[in-house]
1. Condition first: within 17 Å of the chain's Cα centre (by Cα) and within 15 Å of the ligand (Cβ to nearest atom). Now tell me which residues in the stretch 305-331 satisfy that.
2. So which residues in the stretch 459-509 are closer than 28 Å to Leu10 by Cα and small (Gly, Ala, Ser)?
3. I'm checking my understanding of the structure. Among residues of the stretch 347-364 that are assigned to a loop (DSSP other than H, G, I, E, B) and within 14 Å of the ligand (Cβ to nearest atom), which one is farthest from the chain's Cα centre (by Cα)?
4. Please state which one of Asn107, Asn177, Asn100, Asn130 is in contact with a strand residue (DSSP E or B) (Cβ under 8 Å, 6 or more places away or on another chain), within 16 Å of the ligand (Cβ to nearest atom), polar (S, T, N, Q) and open to solvent by less than 50 Å² (accessible area, probe 1.4 Å).
5. Quick one: which residue in Val39, Val66, Val94, Val56 is away from the ligand (no atom under 16 Å from the Cβ), farther than 17 Å from Ile362 by Cβ and in contact with a Ser or Thr (Cβ under 9 Å, 6 or more places away or on another chain)?
6. Just checking, which of Glu41, Glu57 is in the same structural domain as Val374 (by TED's automatic domain parsing), farther than 30 Å from Val423 by Cβ and surrounded by fewer than 20 Cβ atoms within 10 Å (Cβ to Cβ)?
7. Please pick out the residue among Thr482, Thr376, Thr400 that is within 22 Å of the chain's Cα centre (by Cα) and touching a residue at least 24 places away in the same chain (Cβ under 8 Å).
8. Show the residue pairs meeting these rules: Cβ distance below 7 Å; 6+ apart or different chains; first residue within the stretch 320-342 and of a type in the set (Gly, Ala, Ser); second residue open to solvent by 10 Å² or more (accessible area, probe 1.4 Å) and in a loop (DSSP other than H, G, I, E, B).
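The values are calculated or read from the model by the stated rules, or taken from the named source; none is laboratory data. What you are looking at is a predicted structure, and each value in this text was computed from that prediction instead of being measured. Virtual Cβ from ideal backbone geometry, glycine too; neighbours counted across all protein chains shown. All accessible areas refer to the heavy atoms of the entire protein, side chains included, with ligands and DNA or RNA removed. Shrake-Rupley method; radii C 1.70, N 1.55, O 1.52, S 1.80 Å.
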Amino acid sequence: MSKNNIDLILMEPIGTIHPNIYGHFVEHLGGVVYDGIWVGEDSPIPNIRGFRKELVEKLRAIRPPVIRWPGGCFAETYDWRDGIGPREERPTTVNWWYNNDGLYESNAVGTHEFVDFCRLVGAEPYFALNATTTTVLEGRNWVEYCNMPKGSTTLAKLREKNGSAEPFGVKYWGLGNENWGGGGAMTPEDYCNVYRKYGIICKSVFPDGYYIACGANDAIPDWTLKFFERYQQMYTEGRIPPMSGYSLHYYVSNFGDLGEETRYTDEQWYETLRRAWGIEPFIVRQIEMLNAAWPGNDLGLIVDEWGLWELYYGKNALPGRHLFAQETTMRDALVAAISLNVFNNHCDRIHMANAAQLVNCIQSLFLSRGEKFVLTGTYHVFDMFKEHQNGQAVRSLVHTDAISYDFDGEDRAVDTVSCSASVKDGVLNVSLVNLSIDEDQEITLDLSGGEYAREGSLTLLSGVDDKDANTFDEPERVVPKTEKLSASGRTLTVTLPKASVGCVSIPVVQ
Ligand code: AHR
């Protein structure tokens, strides 16, 4: 067993952890919507107004703050009018992903249904608006349809006719998705001009919107520099679109070099986790670029797609599986925990993050197939981390060894322990990850600026083996276990088993 020390500096708050960092993403892709969240009102599978009851209940339990919808790439060919009105009259359309899995879009889940789903689970909707293949007016009309007061306009009356007299109050609007790629393959300058049109026009109908511009992914980091250079020129031109948030996408893509979903070498395990942690330098660099191009800005960074994409190289759905549905192991759970630690530690700039995607897809919290349903390790990580929501993040200095490994003939290294910490209502919550595949870690948490007060708890998520997974046949192979701990004074020591995630929760006196 190795020893590690972490200084938790209560006098150095980073900021408030916005609950939206624990957000989700639902795209009309493969089995995310149909079979995932939606089974239909007439289904023998227990449902609430068509939504899978078990998923609704389990999701509600982890307090999801916000859910992004309807894509992703899907958003950029979506016509919101296809998804309103009597369900039996809605058109069948070609889903964006049709060439990958041959599925049509029934439009059974549209605006009203998705808002209903959000209310069932207690989340805010975040809509991604089509900024590529429809018109600015149609985008604006969707905002109007969702948000204008009862009885005010013809679209508000149409909403009432379709079952909702009261406005939906959709606050978060993404104006486009991946506009450097599937969203029109634009240049940053061109997209900035498109964003200006959408932003100014949407604001004219809904000034209180939280409008989000499409930003970079790790393959094109310089998009940010060029986008904001153009955005700055708009100040001199006199017409500035509103912008509250700027999105980033970051996937750990398995091109086959990271092994298979449930079969990988130790080196592939470490390389996966190193790349997951690579989201931190990516974010830091993005903040630097943003600040250089726009000094003094207070934009929220919105990581509205993140996750471990196991089947990145597989274009089509595997037999018996939904498109991109992947089996998950402790590897996925650790990717989730490392990513959430990074977001907590940068909560002064990251105001929202959305795991891609909720069910039957990349980095999912749930897997389903008809009546079968299972919670993944990623679900349990979200459950364990939920107490960070609205907490004051505090600085943690981790003293840990690096693990060295050889990857494709190159020497690589990754730290053994990842950590984030926050205080809420006098309780300190510390999230820990032991990346070592073969060694338990003793971790001492040294407190500055306070003392441990009483009894607390340690919740652990670990498998016997790093490849342990929850499956339809064995749904509870990996579940968190909570034990009591007590501490006074300034030090507290816990042991994290190999390849595990742990959360300490203990009152402190400051
Ligand atoms: O999450 C799957 C896809 O990944 C999304 O549709 C797209 O935005 C990204 O490339």
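1. Matches in the stretch 305-331: Glu305, Trp306, Gly307, Leu308, Trp309, Glu310, Phe324, Ala325, Gln326.
2. Ser486, Ala487, Ser488, Gly489, Ala499, Ser500, Gly502, Ser505
3. Narrowing the stretch 347-364 to residues assigned to a loop (DSSP other than H, G, I, E, B): 347-349, 356-358, 360-364.
Going one step further and asking which of them are within 14 Å of the ligand (Cβ to nearest atom), we end up with 356-358, 360-364.
Values: Ala356: 6, Gln357: 7, Leu358: 9, Asn360: 15, Cys361: 13, Ile362: 11, Gln363: 9, Ser364: 10 Å.
Checking each candidate, the answer is Asn360.
4. Asn177
5. Answer to the selection: Val39.
6. The unique qualifying residue is Glu41.
7. Thr376
8. Hits for this filter: Ala325/Gly30.
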